[in-house]
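The values are calculated or read from the model by the stated rules, or taken from the named source; none is laboratory data. What you are looking at is a predicted structure, and each value in this text was computed from that prediction instead of being measured. Cβ placement follows ideal geometry from the backbone for every residue including glycine, while neighbour counts extend to all protein chains displayed. All accessible areas refer to the heavy atoms of the entire protein, side chains included, with ligands and DNA or RNA removed. Shrake-Rupley method; radii C 1.70, N 1.55, O 1.52, S 1.80 Å.
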Amino acid sequence: MPILASLPGLNLLSSLPSNPPQNDTTSSTPSPSPPIPIPKYPPPRSRNPKTNVPRSNPALSIPHRRSNYRKPVQKGVISTDGDRCVIVGENGVSYKLPGAPFEFQYSYSETPNAEPIAIREPAYLPFAPPTMPRPWTGKAPLKKSKKNIPLFDSFNPPPPGKKGVKHVEKPGPFPFGKYPKEGKTREEILGEPLKKWEIKMLVKPLLSDNRQVNLGRDGLTHNMLDLIHTHWKRRRVCKIKCKGVPTVDMDNVCRHSEEKTGGKIIHRVGGVVFLFRGRNYNYRTRPQYPVMLWKPATPVYPKLIQEAPEGLTKAEADEFRKKGKSLLPICTLAKNGMYASLVKDVRDAFEECPLVKIDCKGLQPSDYKKIGAKLKVRRMLKELVPCVLLSFDDEQILMWRGRDWKSMYGDTSSNLVPVKADILSGIDNSAKSSDDIGTPDSQRVVSSPKMMSLWRRAIESNKALLLEELALGPDAVLDKVEEFEGMSLAIEHSCEALVLSSEDGSSSSSSAEFKGGSYSEDENDIYSSDDIIDDEYYGDNSFEEVDPSIPLGLLPVDNIAERLRRESK
């Protein structure tokens, strides 16, 4: 032990080594494998994967929406490029090109009739420059083909059995013995007016066809003109389906469609318009317009809603807006709906209340602002609805009928408004107490102007009787009613009578005028019914012939006669 203790570097009280010696793999036996292999699962997916979203093409983005560019403009020419110029006028921003038949606009039917006060982008023409025959694609243009490709037009269409050539519609229809003629003016291309049987022949195949031009919130745009001519190449009638804002004023859409394209509207039902190209139309000689390469930025127009609108002070306008919050809307507009009856509904509502509210939940703000502007905009020296816009709050249009409002049923202001009525009369009558309701008001007439007009029309058509004597007993009133009932039934079921006179040996027929006085025939009427088109836009919804004859025994008079015959037996 003393010898071991004297050895250097040896400590008898030292602990075990911290790192045990590694086992010799050669001498140890391998561990047994498990009876069932351990499955290998894929790594768990993250809840918020970071996917690489492809960036949108910068050519499709609209730069003026991300810029604060505002440049005040005045009426007149604001930019020129030789003979090409940008003009600001009453119809907004327009573009004048040399040789063009009219000034081009992005939208012809939905442009406000107001002068813009500023523009949102530099005044550039959205057309291709005249020095560039084709857009640069990064490659040199191809050499001119040596093949002689025939150009077919409407007057010289390809034969029906020719392969590789699409159908080109011939001009027409023409009466027997007449042929197409080359025309330059609109009247020469349209030719003679279509008859009713020709309109039915052209329109009936298109009623259930989906080949159409869709017209949306922008209305009749400039590029649609070339699209309509493309439809006219294959068919004689182009079907246009309108939805949304333009349907508020369909007459405006029809007028611009005829003026810009040169066609004629032969049928209109709801928001669907059928545009006829003309009897002598030729696709080869059509007017060719340049195509707009992008949508121009909408200019800045004056505000529609003012704090003190025309005819009102600020206090009166605030009072109207406060009362309008508790007012029920007359209708609810659907997105991309048909608003043809909106003008009539607003006019009828103004007959009962000075304020009218329209619910526009779900519509874009630009849409219901356009609708509000169209209701009061002046078209062809008249207004759709003479009104004053008050608010667009809560996606609702609030309007006031104005001080210069006139009823559609004549001058009935003395019957509607009391002698000392303020501007807010007729909106809130809930302040009357129950005692005041039973007391008669000698200064106010209960009947509305619409009811007075209906009563007047019924009296003129012998469908109502006006009693001149007021102090009549029940028996006298019953006698008057029975007498009037027999007279009205005789007038309702009267028909034309054939009168034959043989005094001078000649027979003549004439239509006897019945008491209603609704039918008369002129001796000089030599035109047949097929040659007369009653309406400017032929709007007969049904193209099937209807038999006007009624079987015997279905009228109320026949039932009365049968009952009297049984009682007499």
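One residue is enough: does region 176-198 have a residue meeting the conditions in contact with a strand residue (DSSP E or B) (Cβ under 7 Å, 6 or more places away or on another chain), over 17 Å from Tyr108 (Cβ atoms), part of a strand (DSSP E or B) and not assigned by the TED database to the domain that holds Gln364?
Checking region 176-198: not a single residue is in contact with a strand residue (DSSP E or B) (Cβ under 7 Å, 6 or more places away or on another chain), over 17 Å from Tyr108 (Cβ atoms), part of a strand (DSSP E or B) and not assigned by the TED database to the domain that holds Gln364.
For Asp359, state whether it is over 30 Å from Tyr124 (Cα atoms), touching a strand residue (DSSP E or B) at 6+ places or on another chain (Cβ under 6 Å) and of a type outside the set (Val, Ile, Thr).
It is true that Asp359 is over 30 Å from Tyr124 (Cα atoms), touching a strand residue (DSSP E or B) at 6+ places or on another chain (Cβ under 6 Å) and of a type outside the set (Val, Ile, Thr).
Tell me, which residue of region 90-110 that is in a loop (DSSP other than H, G, I, E, B) and without any contact (Cβ under 8 Å) to a residue 24 or more places away in the chain is surrounded by the most Cβ atoms within 10 Å (Cβ to Cβ)?
Asn91
Return yes or no: is Ile87 out of contact with any helix residue (DSSP H, G or I) (no Cβ under 7 Å at 6 or more places or on another chain), aliphatic (A, V, I, L, M) and open to solvent by 20 Å² or more (accessible area, probe 1.4 Å)?
Judged against the criteria, Ile87 is a match.
Give all pairs with beta carbons closer than 7 Å in which a residue from region 177-197 that is under 16 Å from Phe155 (Cβ atoms) meets a residue that is basic (Lys, Arg) and in a helix (DSSP H, G or I); count only pairs at least 6 apart in sequence or on separate chains.
So the pair list comes out empty.
State yes or no: is Asp251 in the same structural domain as Phe276 (by the TED database), in contact with a Ser or Thr (Cβ under 8 Å, 6 or more places away or on another chain) and open to solvent by 20 Å² or more (accessible area, probe 1.4 Å)?
So Asp251 does not fit the description; no.
Give the residues of region 208-229 that are free of Cβ contacts under 8 Å to residues at least 12 places away in the same chain and either aromatic (Phe, Trp, Tyr) or open to solvent by 60 Å² or more (accessible area, probe 1.4 Å) (or both), sorted by residue number.
Ser208, Asn210
For residues in region 305-318 being open to solvent by less than 70 Å² (accessible area, probe 1.4 Å) and in contact (Cβ under 8 Å) with a residue 60 or more places away in the chain, which is nearest to Asp218 (Cα to Cα)?
Ile305
Looking at region 231-245, which of its residues are of a type outside the set (A, V, I, L, M, F, W, C) and either touching a Phe, Trp or Tyr at 6+ places or on another chain (Cβ under 9 Å) or part of a loop (DSSP other than H, G, I, E, B) (or both)?
Lys233, Arg235, Arg236, Lys239, Lys243, Gly244
Let's see how each residue does on (1) out of contact with any helix residue (DSSP H, G or I) (no Cβ under 8 Å at 6 or more places or on another chain); (2) outside any loop (DSSP other than H, G, I, E, B):
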{"site": "Leu275", "(1), (2)": "no, yes"}
{"site": "Arg284", "(1), (2)": "yes, no"}
{"site": "Tyr289", "(1), (2)": "no, no"}
{"site": "Trp294", "(1), (2)": "yes, no"}
{"site": "Thr298", "(1), (2)": "yes, no"}
{"site": "Ile305", "(1), (2)": "yes, no"}
{"site": "Ala308", "(1), (2)": "no, no"}
{"site": "Gly311", "(1), (2)": "yes, no"}
{"site": "Ala317", "(1), (2)": "yes, yes"}
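How about region 461-511: which of its residues are part of a helix (DSSP H, G or I), open to solvent by 50 Å² or more (accessible area, probe 1.4 Å) and at pLDDT 75 or above?
Passing the criteria: Pro474, Asp475, Val477, Leu478, Asp479, Lys480, Val481, Glu482, Glu483, Glu485.
I'm checking my understanding of the structure. Among residues of region 283-304 that are open to solvent by less than 70 Å² (accessible area, probe 1.4 Å) and touching a strand residue (DSSP E or B) at 6+ places or on another chain (Cβ under 6 Å), which one is nearest to Ile228 (Cα to Cα)?
Pro299
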